[in-house]
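Chemist: Before we start, here is the structure in question, set down as structure tokens.
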Amino acid sequence: MTLLQVMPADDGANVVLRTEDITEIAAELAPYGIRMERWATVPLTGDAGQEQVLAAYASEVERVSAEGSYPIVDVVRLVPDDSDPEWPAKAQAARTKFLEEHTHDEDEVRFFVEGSGCFYLHLDGKVYAVVCTEGDLMSVPAGTTHWFDMGTRPYFCAIRFFQEADGWVAGFTGDPISNRMPTLDELLAPAPS
């Protein structure tokens with residue numbers, strides 16, 4: 001489920017807004033230049049590689065690349081591998097890299113082919129936690145303070161759009177704000193009865 005949860009930056013337990021309505025989510029984010037849209041999904045096999053994924057979404061990828069001047073496009077996939085005893089440690093290392101608040105000198109644009117992840121946007125004294133799922137495109141403008149959580153059991157495939165060859169380069173703020181906010185797992189947990 002695509003989800004937006006808004007909280008004061010100093011109180012992650014105080015939910016100001018929670019919605020699954022993609023139109024409402026897009027409207028809440030638009031004033032900050034953040035683009036959120038839903039694409040029709042294409043059925044793919046679980047082992048579809050970069051070429052198959054990009055071919056399946058060729059027209060959308062071409063449109064977004066042209067609109068934002070993103071000449072570099074790739075596909076990243078992280079899927080649980082219970083046959084690998086080192087997988088939990090690898091997954092935790094991958095997750096930890098993105099959990100600290102940071103900015104980028106270029107836009108961060110992702111389309112979720114499958115699975116989910118959560119962008120946390122620190123804007124005007126609030127945190128906008130945006131859970132993206134299959135079919136969601138999110139574009140976070142350069143300079144936007146944010147972090148990303150892929151959960152304790154990461155599972156996603158995403159198309160990434162880049163302006164520069166060095167791709168994902170972060171400027172970390174040093175603010176421990178992410179420690180005060182609910183994790184992706186907590187956001188998706190069933191409400192207590």
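For every residue, the table says whether it meets (1) more than 23 Å from residue 49 (Cα to Cα); (2) small (Gly, Ala, Ser).
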residue	(1), (2)
110	no, no
117	no, yes
128	yes, no
141	yes, no
147	yes, no
150	no, no
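Chemist: Would you please list the contacts, defined by Cβ atoms under 9 Å and residues six or more apart or on different chains, that run from a residue in region 38-67 that is under 14 Å from residue 161 (Cβ atoms) to a residue that is surrounded by fewer than 13 Cβ atoms within 10 Å (Cβ to Cβ)?
Modeler: So the pair list comes out as 60/40; 65/71.
Chemist: Of all residues in region 156-193, which are hydrophobic (A, V, I, L, M, F, W, C) and either in a helix (DSSP H, G or I) or within 28 Å of residue 47 (Cβ to Cβ) (or both)?
Modeler: Scanning region 156-193 gives 156, 157, 158, 159, 161, 162, 165, 168, 177, 184, 187, 188.
Chemist: Same structure again: Out of the residues in region 91-141 that are among the β-branched types (Val, Ile, Thr) and more than 12 Å from the chain's Cα centre (by Cα), which is surrounded by the fewest Cβ atoms within 10 Å (Cβ to Cβ)?
Modeler: Filtering region 91-141 for residues among the β-branched types (Val, Ile, Thr) gives 96, 103, 109, 113, 127, 130-131, 133, 140.
Those left that are additionally more than 12 Å from the chain's Cα centre (by Cα): 96, 103, 127.
Values: 96: 9, 103: 17, 127: 26.
Here the residue is 96.
Chemist: Same structure again: Considering only residues that are over 22 Å from residue 103 (Cβ atoms) and surrounded by 15 or more Cβ atoms within 10 Å (Cβ to Cβ), look in region 183-193 and name the one that is modelled with the highest pLDDT.
Modeler: 187
The values are calculated or read from the model by the stated rules, or taken from the named source; none is laboratory data. In this text the structure is predicted, and so the values were computed from the model without any measurement. Positions of Cβ are generated from backbone atoms using ideal geometry, with glycine treated the same way; all protein chains shown enter the neighbour counts.
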